[in-house]
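Okay, structure first, notes after.
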Amino acid sequence: MSKLKLGAIADEKPVRVTHELPPVVHRDLVAYSEALARETGAFVEPVKLIAPMLERFMATDRAFAKARRTLPAAPATTMGVSPGAPRPAGEPNSESA
């Protein structure tokens, strides 16, 4: 069997994000979860694969790495908005997600 790009999934404190996925992406997440379980012997909920996949994608995207180096350092924020800062009209608060 070929080596999957994801290994064991770290258990870290999450940030809640609500997003709808196309059915084909959900099916692929389920299939990936099953393949990962066969490879590692540990089942991982398909939804828990999204963050490590995004993290891996961004870590290996050369154009993103270059753009990130050219941007000034920004303080840690939630989706580009500092915690407690007023949000634009129509944008939900992270607490209500």
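No value in this document is a laboratory result; all are computed from the given coordinates. The structure presented is a predicted model; accordingly, all values stated were derived computationally and were not measured. So basically every Cβ, Gly included, is an ideal-geometry build from the backbone, and we count neighbours across all protein chains shown.
Tabulated results
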{"item": "Check: the stretch 1-67 dipole with +1 on Lys, Arg Cβ and -1 on Asp, Glu Cβ, in debye", "result": "240"}
{"item": "FRET efficiency for residue 45 and residue 3, using Cβ-Cβ distance with R0 set to 25 Å, rounded to 0.05", "result": "0.70"}
{"item": "Label-point gap, in nm, between residue 53 and residue 28 - each point 7 angstrom along Cα→Cβ", "result": "0.7"}
